[in-house]
Structures are given as structure tokens and as C-alpha cells.
Amino acid sequence: MATVRRLLGYFRPYVARMIAAAVMLAVAGALMSAVVATVKPLVNQVLLPGAAPAAAAAAPAAPAGPDILEKAKSWLGADGWSAWLLKRPYVQVPILLMVVFFLRAVFLYFGEYLTTKTGAGIIRDLRADLYEAITYQSLRFFQAHPTGVILSRILSDVQRIQRITTTVLADLVRVGTMVPFMLLVALLHDWRLTLFALVVLPMVTLPMIRLGRRLRRASTSSQERMAETASLVAEAVGGAKVVQGFAMERFEIGRFREALERMLRADLKAGRAAALAPAVIEIVGGIAGGALFYYAGLAIARGTLDAGNFVVVLTALGVLFISIRKLNQLNVEFQQALAAATRVFDMMDREREIRDSGLATTLPPFRDAIRFEGVDFAYDGEKVLDGIDLTLRKGEVVALVGASGSGKTTLANLLPRFYDPTRGRVAIDGRDLREVTLGSLRAQIGLVTQETVLFDDTVRNNIAYGKEDAPAESVVAASRAAQAHEFVLGLPQGYDTRLGERGARLSMGQRQRLTIARAILKDPPILILDEATSALDSESEALVQQALDALMEGRTCLVIAHRLATVRRADRIVVLDAGRIVEQGTHRELLVRGGVYARLHALQFQDAEP
């Protein structure tokens with residue numbers, strides 16, 4: 001019920017529109033009872049004109065039920081064309097039917113359109129809230145949740161919810177309104193026959209309730225398997241070059257087929273639960289229908305039942321039975337949507353690991369030093385950093401060196417608060433980063449990583465990412481400083497060229513220079529370079545290194561690099577081993593010392609020295 005209440009909370013901004021839609025759909029449902037009521041005059045006055053009087057004479061006390069044509073006659077009067085019309089019931093009934101169906105169509109159109117409009121707004125709000133909750137999560141969240149799972153929540157699960165806020169909701173109001181009106185029509189025409197038929201109603205509703213719970217569990221399993229399959233697709237598409245390079249197409253197809261089999265088994269389990277309820281309803285409906293015809297046959301044979309009333313009751317109960325089946329189908333979709341909503345809200349409610357504290361203040365412009373003070377960091381119980389004490393003075397270039405897994409990138413990720421230390425603190429000008437706002441902190445930090453991140457947008461917008469109001473002259477100036485201006489001019493539309501997904505139309509070196517241009521335009525006082533040239537060839541590296549030199553000038557830089565060109569020119573080199581700082585000094589000092597750095601130099605950088 002908590003999930004239902006939370007979903008209903010998204011209806012609050014659209015209450016007036018939803019009420020208007022409900023009223024129109026309710027009127028449309030009620031008008032269907034008028035259609036059923038026309039069956040009596042159609043039978044008694046057109047098809048069997050002698051049946052009603054005979055039945056009335058045999059049993060004058062039997063309830064006759066309302067006659068909709070008698071009402072119409074009192075409205076029309078008895079003059080002129082209306083007198084001619086009143087003498088011809090075979091004309092009256094079709095006209096009445098056409099009028100009722102026309103009115104019903106008008107109410108249905110506006111009611112369903114308003115419901116659809118409301119549902120679309122609700123889904124937009126829900127999807128936006130989910131995306132916002134995901135966007136603010138820490139890096140740990142994205143490491144724990146594959147891209148396919150996140151996409152499945154935003155697209156597939158929310159799509160299931162959309163059904164109940166649009167089509168299902170409209171049908172629920174319309175059919176739900178029709179049921180009591182049909183019941184009323186049947187009771188007014190012959191209450192004994194109606195009550196006899198309704199004895200079996202609990203036999204229909206109880207299985208629906210029990211099967212609904214079972215269906216929700218099965219739907220949850222089905223949606224989890226779908227998310228798993230989506231993750232496999234995202235991996236295979238993202239790694240298509242590796243898959244083909246290692247001739248692993250058949251292997252990936254096999255993995256995908258296995259995932260599809262798991263999803264199929266989950267879908268079939270949900271399908272069995274969904275198919276069982278209609279079967280139960282059919283069996284119960286058959287029993288009720290047989291009993292009803294037996295009872296009615298005896299009554300008609302004895303002359304105690306009006307033929308028109310019987311047909312009205314039979315039609316009303318038939319519509320009622322169809323409506324109950326429809327309500328069962330709606331219940332199936334409702335249970336599936338609730339399962340999806342539970343998964344969506346679970347992800348939406350995941351606590352943000354990194355967030356502003358209630359007392360966070362704006363970080364003033366950087367002016368002195370960055371300090372890591374007794375910093376430990378553990379990931380899933382495994383210690384990655386151990387007792388880090390490090391100071392970066394303003395304008396200093398500090399390089400982090402160490403073997404893979406030594407903690408270099410983790411240490412750098414603590415500075416923009418992608419993670420928080422397990423113990424100790426990181427401070428800028430003496431202020432703990434957990435006490436300042438994330439926005440003011442990250443506004444002063446530029447980031448260039450080995451993995452270039454470009455968006456499927458224009459070159460101009462990619463460079464100006466985060467500074468959308470930057471003038472065109474500033475964008476071009478940043479591009480020139482990053483050694484990117486010339487190749488950008490060679491693109492089909494220059495700075496207005498769209499780059500494709502992840503900048504797929506550019507070489508690795510060109511992509512890297514655009515990310516450097518982005519950092520130059522941001523003009524941050526603090527810069528993090530995470531192996532920014534390690535994936536480049538020699539020619540591209542030379543151009544990127546020139547761009548990096550322009551970017552690093554006058555800034556406080558924390559550099560993670562294996563390339564000697566960057567490391568040698570650092571003011572200080574910090575050597576990490578197993579999460580600890582084991583050496584510090586200049587390139588020459590560390591070589592003379594003959595420790596860990598000298599050994600790494602001999603293994604990794606030996607070709608850089610004569």
C-alpha cells in the first residue's frame with residue numbers, strides 16, 4: 001500500500017484534470033446502462049409485441065421495470081412529427097441508440113484524452129525524479145549498478161507504470177462506473193433473477209485477489225531478468241570492437257540466449273499467474289450462466305417473467321460479467337506496474353552517499369594549500385588507502401606514481417568528493433571538504449581523464465559544457481590553447497559539427513584535446529590529470545602535451561601519469577605502494593635514492609633516458 005500511496009502522490013498536481021476525466025468516463029459508463037435499457041422496448045414492442053401483455057396478464061404483480069421509451073414519450077409530447085414517431089417503436093429505438101452512443105463517444109473521447117494527458121504528465125515527473133536521484137549518486141552507485149539495469153529502471157519499468165496512469169486508469173474508471181449502473185439496471189428490471197445470478201460473485205473476486213499477489217511476485221522476477229538482459233546488450237554494444245577483435249560473437253550470442261531463456265522462464269511464470277484468473281472467471285461464469293438460464297426458463301414457462309425484463313437482465317449481467325473480466329485484466333497490469341514501481345522507488349530512495357550536509361557553506365576561492373590528513377579509504381571492506389598525509393601548495397604540480405592498484409586514482413577521486421574518506425579528512429585552505437557545498441567545490445576543480453567523455457552534441461557545446469553562456473570567442477580561444485582549433489575547422493560544420501555518441505567521429509587524440517579545451521574554458525584553479533596521455537600515440541601525445549602545458553600553467557595540479565614527460569617536470573613526485581606513500585621528491589632525487597620509483601622507472605620508463 002505504501003507504493004500505491006506514493007504513486008497517488010504524483011497525481012496531486014493533476015487532481016482537477018483527473019476529476020474532470022473521471023466524471024466524463026463515469027458518464028460514458030453510465031450511458032451504457034441506457035443502451036441496455038433500450039433492449040426491453042426492442043423486445044416487447046418490436047420483436048415480440050405480444051409477449052409482454054401475455055406475461056403481464058398471467059402475473060400482474062411481477063415487477064415490470066422502467067421503460068425508457070415511456071420516458072421519451074413524456075418528453076416528446078404528442079403533436080406533429082413526435083406523434084408519428086411515437087407510433088413507430090422500430091424507429092424510436094434506433095434513434096435513441098444513436099443519440100446515446102453519440103453522447104457516449106463524446107464523453108469517452110474527452111475523458112480518455114484527459115486521462116492520457118494526466119498520465120503522461122505523471123510519468124514525465126516520475127522519470128525526471130528517478131533520473132535526478134540517479135544523477136546525484138556517487139561513483140560507487142554506478143559501479144554497483146550496470147548501465148543496462150539503470151536504463152531498465154528509467155525506460156522499461158517506468159513504461160509499465162505508464163500503462164496504469166493512462167489506459168488502465170481510464171478503463172478502470174469507465175468499467176468501474178459501468179458495473180454499479182449495470183447492476184442497478186438489472187435489479188430494477190428483476191431483482192430476484194439478478195440476486196440469483198450474483199450469488200457466484202464472491203467465487204470470482206477471491207481468486208482475483210490471491211492471484212494478484214502471486215502475479216506481483218512473478219512480475220518482479222520477470223523485470224529483474226529483463227534488466228539483466230539489458231545489461232548484457234549494453235556490454236556487448238559498448239565492447240563491440242573487443243568482441244569482434246577476439247572473435248567472440250558466438251560466445252556473446254550464447255550468453256544473450258541464456259539470458260533470454262531465464263527471462264522467458266520468468267515471463268512464463270508470470271504468464272501462468274495472469275492466465276489462471278480468466279480461466280477461473282470463465283468456469284464460474286459458465287456455472288452462473290447455466291443456472292440463470294434454467295431459472296429463467298422455468299419462470300418464462302410459468303408466465304411469471306416478462307420477456308423484455310429477462311433480456312435486459314441477461315444483457316446487463318452479460319456486460320457485468322465482461323466488465324469483471326476486464327477488471328481482472330486491469331488487475332494483472334496493475335500488479336505488474338506495482339512490481340515495477342517498487343523497483344523504481346527502491347532505486348530512487350537509495351541514500352546519496354555524497355551530498356551536502358545541512359550546515360555546508362560555499363567554499364571561498366582557493367588561495368593556499370590542499371591537505372590530505374590521515375586519510376584512509378576502504379572499498380567493500382578492502383582498504384585502498386592507508387594513513388595518507390599529503391600537502392599540495394598553490395601553484396604546485398604534484399605527480400602520483402605507483403603500480404596498478406596502489407591507490408593513485410582513488411586518492412585523486414577524494415579531492416572532488418567522488419568519495420569521502422573512511423577516516424581522516426581532505427581540506428582546502430583548512431576547510432574540510434564535507435563542510436562545503438559540492439557545487440562550490442567542484443566549480444574550482446578541472447578534470448581531464450584517460451577516458452574521454454564527449455556527448456552527442458556540437459563541438460561548441462562540448463567545449464562549453466558547464467559554461468553554456470560562454471561567448472564563441474572564448475570557446476575558440478580555449479580550442480586554440482588546446483591545439484584543437486585547426487582540426488575543428490576541418491570538420492564538416494566546424495564548431496557546429498555533431499560528434500556522435502562518445503565523440504565516435506574523432507580520433508583519440510582529437511577527443512582528448514577537446515576535453516582539455518573544456519577544462520581550459522572552465523579555468524579552474526585546481527586541476528586533476530588522470531593518465532590523460534596514456535592511450536595516445538607519439539604524435540598525438542606531443543600535441544596533447546602542448547595542450548596540457550597550456551592548461552597546467554599557473555594552476556595547482558594533481559597528476560596521475562606513467563608518461564615520463566609529465567612526471568619529470570612535476571615539482572614533486574609522490575610514490576604510492578599498497579595504499580601508502582613510500583617516497584616523495586623530484587625526479588632526480590628519487591632516481592638517486594634508488595627506491596620504489598627508481599625500480600618503476602627502470603621497468604616502465606627506461607626507453608626515455610639515453
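Computed from the coordinates by the stated procedures, all read-outs in this text should not be read as laboratory data. Predicted model, so just to flag it, every value in this text is computed and none were measured. As a convention, Cβ positions derive from the backbone with ideal geometry for all residues, glycine included, and neighbour counts pool all protein chains shown.
Among 165-178, 14-27, what's the highest-first ranking by average C-beta atoms within 10 angstrom per residue? Walk me through the numbers before you get to the answer.
Numbers: 165-178: 21.5, 14-27: 17.7.
Top of the packing list down: 165-178, 14-27.
Candidate cross-link partners of LYS269 among the aspartates and glutamates, defined by an alpha-carbon separation under 20 Å and a same-chain spacing of 8 or more, comprise ASP157, GLU224, GLU228, GLU258, GLU261, GLU333. How high is the relative contact order of segment 371-444, in percent, counting Cα pairs under 8 Å that sit 6 or more residues apart? Computed value for segment 371-444: 35 percent relative contact order. Remark: segment 500-508, residue by residue, has Karplus-estimated 3J(HN,Hα) of x, 4, 6, x, 4, 7, 10, 6, 4 Hz, where x stands for each Gly or Pro and the curve is 6.51 cos²θ - 1.76 cosθ + 1.60 at θ = phi - 60°. Residue by residue, segment 422-432 carries 3J(HN,Hα) couplings of 6, 9, x, 8, 10, 10, 10, 6, x, 9, 4 Hz when phi is fed to the Karplus relation 6.51 cos²θ - 1.76 cosθ + 1.60 (θ = phi - 60°); x denotes Gly or Pro. Close amide-amide hydrogen proximity is noted between THR449 and ASP530, each under 5 Å apart and 5 or more residues distant or on a separate chain (H modeled in the peptide plane; Pro and chain starts excluded). In this label model, ARG124 and ASP549 are separated by 5.2 nm, measuring between points 7 Å along each Cα→Cβ vector.
Over all other residues within a Cβ to Cβ distance under 9 Å of GLY446, the charged ones net out to +2, with Lys and Arg as +1 and Asp and Glu as -1. Between ALA602 and GLU473, the FRET efficiency from the beta-carbon distance, with R0 = 51 Å, is close to 0.60. Each other residue within a Cβ distance under 15 Å of SER474 adds +1 if Lys or Arg and -1 if Asp or Glu, for a net charge of +1. Residue ranges 596-602, 327-333 sort as 327-333, 596-602 when ordered by packing (mean number of other C-beta atoms within 10 Å per residue, highest first). Close amide-amide hydrogen proximity is noted between GLU396 and CYS557, each under 5 Å apart and 5 or more residues distant or on a separate chain (H modeled in the peptide plane; Pro and chain starts excluded).
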